[in-house]
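Only the coordinates and a few stated rules stand behind these numbers; no lab work does. All figures in this text were calculated on a predicted structure; none of them were measured in a lab. Please note: Cβ atoms are built from the backbone with ideal geometry, for glycine as well, and neighbour counts cover all protein chains shown.
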Amino acid sequence: MPFPSPPRTLARPRRRSLLVSAAGAALLTGCSSGADDSGTTGGSESAAEHARARAASDSETLLRHYDTVLAAHPTLAPRLDPLRAEVVRHTTAFGGTGSTPSATTTASPSTTASSTAAPATEGDALAGLAAAERSLADRRAKALLDLPSELARLLASVAAAGAAHAYLLTESAK
């Protein structure tokens, strides 16, 4: 009598692994001393400030994308509200306002949305958000090499969270 073949393992990481790694990256950010240990000169500080402003702007753009999807598909609010709240935290961590009104309030889509409309189906909307999160996480990961250590740790943590968001959005679309 032949034995049944072992179950196939998926090539993708498990949800728990991604959440644990994102949490670990967040803890690494908090493990540094309170002082800025960047050791940069005046020219590098302006580059760091430019990178911080860019990261805040990117997070605000992503926040508007979440608001656009939530305005078009309010039934996705239970899935998207926790991720949106994290994007607000990321925006404020980089010095942005994070004050874009939530799409789950009575605001109209034209006040919360960017110039692009949300996809007609929930699956397409989730896939679009996942692609936006993944793209931003990739850009942030590439920018790490040129930044002072404190800002690089923050950006790495937020990039890891964005990658986890992309995974969760992809998994919830199935």
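Structure summary
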{"quantity": "Surrounding net charge for Leu144, when Lys and Arg each add one and Asp and Glu each subtract one, Cβ distance under 15 Å", "calculated": "+2"}
{"quantity": "Cα-projected label distance for Ala127 with Lys142, points at 7 Å along beta-carbon direction, nm", "calculated": "2.4 nm"}
{"quantity": "Cβ-based net charge around His73, under 11 Å, with every Lys or Arg adding one and every Asp or Glu removing one", "calculated": "-1"}
{"quantity": "Surrounding net charge for Leu63, when Lys and Arg each add one and Asp and Glu each subtract one, Cβ distance under 14 Å", "calculated": "-3"}
{"quantity": "Theoretical gain in end-to-end length, Thr61 to Glu49 [0.36 nm per residue, Cα-Cα removed]", "calculated": "2.5 nm"}
